[in-house]
């Protein structure tokens, strides 16, 4: 039986593609691509002329039969626009169908934004939970975060620039002021990995407009997270909340839950900080 190859492609820097990936893309009879326009540019750069067909979220059911028919005649490669196929990209159903039809499925490893961000985050890498994109609506996002708030694993999320501030706000409200690494444009010219606390991240990205695609790596729950915050940490979080336009009662209630301080003490500090802003 033929093989469906899951070929990882560069997330930015073209030099990251492997020699094996290039060989497989040249040798297969067909490449199924998330966006043929994106993949065609990659193939042209490396002078590869293998036939292309589209396979994306909106046509994956209709295209599955086409790709399985191609597999009946020879090997096929699946690629996404960037990174490793099936991670936040279509492909899971195709993998299952190929296996059910008796074909081999083989990974051609390479670039992967979540793993790249984790390795440079400075946070524990021995146990982690990757959850892709959080829900777009705040209420649903907070509910999802509540379900994982007590897990000890390093957490990895993806986020779009226009939702970053709202997501950071909900992350701090639900998880508390944990350490975070925020990676953007990995392997590209404007690569950046910002490290600090969630409250500091809110301040930074209020002052620096988010641009590019983001990967967030957040510390898991630990006993240390349960310790009361220092006064400096509480004041910094208050200032961040005030700059974001949060009302004093809501701010005090939220930070009291996160910091281990009494709500009344937080409220009085917020009043002081409000007069100084």
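The values are calculated or read from the model by the stated rules, or taken from the named source; none is laboratory data. Predicted model, so just to flag it, every value in this text is computed and none were measured. Every residue, glycine as well, gets a Cβ built from its backbone with ideal geometry; the counts of neighbours run over all protein chains shown.
Every residue, every condition in (1) in a helix (DSSP H, G or I); (2) buried (at least 18 other Cβ atoms within 10 Å of the Cβ); (3) outside the structural domain of residue 15 (by TED's automatic domain parsing); (4) touching a strand residue (DSSP E or B) at 6+ places or on another chain (Cβ under 8 Å), yes or no:
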residue	(1), (2), (3), (4)
174	yes, yes, yes, no
190	no, no, yes, yes
193	no, no, yes, yes
199	yes, yes, yes, no
211	no, no, yes, yes
234	yes, yes, yes, no
257	yes, no, yes, no
266	yes, yes, yes, no
- Item | Selected residue (criterion: nearest to the chain's Cα centre (by Cα)) from residues of segment 56-79 that are at pLDDT 95 or above and under 27 Å from residue 215 (Cβ atoms) | 79
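Do we have residue 238 as outside the structural domain of residue 185 (by TED's automatic domain parsing), at pLDDT 85 or above, buried (at least 19 other Cβ atoms within 10 Å of the Cβ) and in contact with a helix residue (DSSP H, G or I) (Cβ under 7 Å, 6 or more places away or on another chain) here?
Working: outside the structural domain of residue 185 (by TED's automatic domain parsing): yes; at pLDDT 85 or above: yes; buried (at least 19 other Cβ atoms within 10 Å of the Cβ): yes; in contact with a helix residue (DSSP H, G or I) (Cβ under 7 Å, 6 or more places away or on another chain): yes.
Answer is yes for this residue.
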- Query: Looking at segment 55-78, which of its residues are surrounded by 14 or more Cβ atoms within 10 Å (Cβ to Cβ) and farther than 16 Å from residue 4 by Cβ?
  - Reply: 56
- Scan segment 127-141 and report the pairs whose first residue is closer than 13 Å to residue 159 by Cα and whose second residue is part of a strand (DSSP E or B), with Cβ atoms within less than 6 Å and a gap of 6+ or a chain change. 130/156; 131/157; 132/158; 133/158; 134/157
- Task: All but one of (1) in a loop (DSSP other than H, G, I, E, B); (2) at pLDDT 95 or above hold for residue 15, so report the exception by its number.
- Result: (1)
- Query: Are any residues in segment 88-132 farther than 30 Å from residue 70 by Cβ and not in a loop (DSSP other than H, G, I, E, B), and if so, which ones?
  - Reply: 116, 117, 118, 119, 120, 128, 129, 130, 131
- Look at segment 244-255 and say how many of its residues are in contact with a helix residue (DSSP H, G or I) (Cβ under 6 Å, 6 or more places away or on another chain) and either in the same structural domain as residue 174 (by TED's automatic domain parsing) or under 14 Å from residue 199 (Cβ atoms) (or both). 3
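Any chance you could count how many residues in segment 58-79 are part of a loop (DSSP other than H, G, I, E, B) and over 11 Å from residue 32 (Cβ atoms)? Even if it seems obvious, please write down each step before you answer.
Going residue by residue through segment 58-79, those that are part of a loop (DSSP other than H, G, I, E, B) are 58-59, 72-75.
Still in the running and over 11 Å from residue 32 (Cβ atoms): 58, 72-75.
Counting residues in segment 58-79 that are part of a loop (DSSP other than H, G, I, E, B) and over 11 Å from residue 32 (Cβ atoms) gives 5.
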- Query: Among the residues of segment 46-57, is any free of Cβ contacts under 8 Å to residues at least 12 places away in the same chain and in a helix (DSSP H, G or I)?
  - Reply: no
